[in-house]
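Visitor: Pasting a structure below so you can have a look.
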Amino acid sequence: CAAEMPRGPRRAPAVTAPCNRQKCPGNKCDDPLYCITGVCAPATETCTCPQGYAGTRCETSFECPVPGAIKDAANACCNSGVVDGNNLCCDDATGSGIGVLDGEGNCCPSGQVDGCGVCDGTGKFVDPRGVCCKGATAARDAGGLCCVSGDIDDCGVCDGDSNCAYDATLSVDLSGDPDDLASEGVFDNWIEALRAALGLDATWDISLQVEGSRRRELSGRALAAAQIKARILPGSGTQAEPDFANSLASALETTDAGDAIDVDSVSEVERAAICGNSICETGERCTAQNELTCCVADCPYPQFQCPEAEGQTSDCGGHGICDETAGVCECFSAQGYEGETCTQCAVGYRPRGDGRCTRDVRAPCVPGRYRAEDGSCPKCNKACDTCTGPTAADCVECSSDPEYARDTGDEDGECKIVCAAGLTRTATGECVRIITGPGAGQQTGNFTRNIDESDAGTGARESIAALAVIGIIGFLAYMGFQLGGSSGGKKKSSGGSAAAETGVEMTAQ
């Protein structure tokens, strides 16, 4: 018989794993991106959304036609609500709005990610060595390792020959003392008879061990009731039959052992793993149930179950890979998953409501606008093409409007605007046209009107026209004075009254 090797765990775990990986509770507002486009209130941990946004975290944009869509880093509507590692929208090839990422956080357009986290891959699982087991027929052997062919024999060995060891338990009656029968060769003769009945050559080893012998009288004969443990070890010659277990049970019950041994029953026939033969066979791999009887020498990788999340049927919630050697989940961190069962969202990610996490992304403001404290994007000051705030001092690039001459030489570094002729620059950096006096019989007093890009160039022309009108009025007044001088004070008074009725005083600044 093969020598018995030490059993049970005799080495450190294959990997080390962090313990107590649950996130400590904290205020949600501590995350600067908790409110994607809104303002977070620490007292209630809620978001107040700016106009045009909705959702618990103000993540949904009303500018997008599909409900629940978000804006990605390119400021494009993302129907799936899932973005990749570059913060760009991930949608499937059909555009149905189901975004799927691979294990590295890259978009998988087909939505088909294999058991190793590879898009459109053929991997089924990652074995204890870290090998991705690929192929339609791939399977695990008794040691948990990848068997590409999937041809696993009765012993649990990949591409094996099914020559497994077997153990059997027999209830027998012996005609004498077991030691005396052994010295008389009774057991050796029976072993040879069994070998012949099973068609096994001399390379197969059959051993018998008598246990629990007690004497009793049966039919006038003094017999010893006992149990015999039989072990059959495969040899290098004859191959076992496909249904060897049943053949062995039948041979043990019917093979003539002479008058010395009567077989009452064969209670168990089962495959036996032989520790120390350098082959990991079924039952030898260490688990939580067999730590005292497993064989580390043959099966170096233990098997421990990873924790399961409530309602989940796949390992690590389908968001990670189970390391069986330590019983811990290795989460797809690039997808934003963490925790004991890979069902929590890491910092920088948020739950979608369907059990998945998605990266927090804040769409940039379009050029000419800046990000305000409430997450909205107001327009920049007119002195700026791009900016970080509302004033001319916040300009990143000064205005490129050809109607506005630029002047960046100020000591305060602000972008200054030199307004076109007829326009006045206000304290806010805008160019305006100011008209004073009663207005055309309806408007009175001073008023200010902003000049936008479309009418900034016409302000000068309108001012010139106003000056021409003033000139005409002056000419008419002069003529009236001349006529009044020749026809009396009445005409002068009349001319003065006409000028008063016009009543328009215009200044161009």
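The values are calculated or read from the model by the stated rules, or taken from the named source; none is laboratory data. Just so we're clear, the structure is a prediction, and the values are computed from it rather than from any experiment. Reconstructed Cβ throughout: ideal geometry from the backbone, glycine too, with neighbour counts over all protein chains shown. For accessibility, only protein heavy atoms count, side chains too; no ligands or nucleic acids. Shrake-Rupley method; radii C 1.70, N 1.55, O 1.52, S 1.80 Å.
Visitor: Could you tell me which of the residues D114, D120, D102, D153 is open to solvent by 30 Å² or more (accessible area, probe 1.4 Å) and not polar (S, T, N, Q)?
Guide: After applying the criteria, what remains is D120.
Visitor: Scanning segment 355-402 for residues that are of a type in the set (S, T, N, Q) and open to solvent by less than 40 Å² (accessible area, probe 1.4 Å), which turns out farthest from C47 (Cα to Cα)?
Guide: Result: S399.
Visitor: Now for a different question. Which of (1) surrounded by fewer than 16 Cβ atoms within 10 Å (Cβ to Cβ); (2) over 22 Å from T325 (Cβ atoms) does V148 not meet, given it meets every other one?
Guide: Here V148 meets the rest and fails (2).
Visitor: So D179 passes all but one of these: (1) open to solvent by 70 Å² or more (accessible area, probe 1.4 Å); (2) in contact with a helix residue (DSSP H, G or I) (Cβ under 9 Å, 6 or more places away or on another chain). Which condition number does it fail?
Guide: (2)
Visitor: Next up: Residues that are modelled with pLDDT under 90: which strands (runs of 3 or more DSSP E) entirely in segment 93-205 hold 2 or more of them?
Guide: The strands (runs of 3 or more DSSP E) meeting that bar are 165-174.
Visitor: Of all the residues that make up segment 254-286, how many are surrounded by fewer than 17 Cβ atoms within 10 Å (Cβ to Cβ), of a type in the set (D, E) and part of a loop (DSSP other than H, G, I, E, B)?
Guide: Qualifying residue count, segment 254-286: 1.
Visitor: For A230, all conditions in the list (1) on the phi > 0 side of the Ramachandran plot; (2) at pLDDT 85 or above hold save one; what is the number of the exception?
Guide: Evaluating A230 over (1) on the phi > 0 side of the Ramachandran plot; (2) at pLDDT 85 or above leaves (1) as the failure.
Visitor: For segment 287-402, list the strands (runs of 3 or more DSSP E) that sit wholly inside it and hold at least 1 residues that are under 28 Å from C419 (Cα atoms); which are they?
Guide: Result: 384-387, 395-398.
Visitor: Test G26 against the criterion of being surrounded by fewer than 15 Cβ atoms within 10 Å (Cβ to Cβ), modelled with pLDDT of 60 or more, part of a loop (DSSP other than H, G, I, E, B) and not β-branched (V, I, T), and give yes or no.
Guide: Here the answer is yes, as G26 does meet what is asked.
Visitor: Restricting the first residue to segment 176-196 and requiring it to be hydrophobic (A, V, I, L, M, F, W, C), which pairs with a second residue that is outside any loop (DSSP other than H, G, I, E, B) and open to solvent by 30 Å² or more (accessible area, probe 1.4 Å) meet a Cβ separation below 7 Å and a spacing of at least six or different chains?
Guide: V186/G258; F187/L208; I191/L208
Visitor: How many residues does segment 157-205 hold that are under 60 Å from the mean Cα position of the chain (by Cα) and closer than 22 Å to A225 by Cβ?
Guide: 5
Visitor: May I ask you to list pairs of residues, at least six apart or on different chains, whose Cβ atoms are under 9 Å apart, with the first in segment 49-60 being aliphatic (A, V, I, L, M) and the second being surrounded by 21 or more Cβ atoms within 10 Å (Cβ to Cβ)?
Guide: A54/T60
Visitor: Ok, one more. Can you name the residue in segment 287-301 that is touching a residue at least 12 places away in the same chain (Cβ under 8 Å) and open to solvent by 40 Å² or more (accessible area, probe 1.4 Å) and is also farthest from A142 (Cα to Cα) among such residues?
Guide: Ranking the candidates gives L292 first.
Visitor: If I filter segment 58-74 down to residues being over 22 Å from the mean Cα position of the chain (by Cα) and open to solvent by 40 Å² or more (accessible area, probe 1.4 Å), which single residue comes out as farthest from G353 (Cα to Cα)?
Guide: The extreme case among them is E63.
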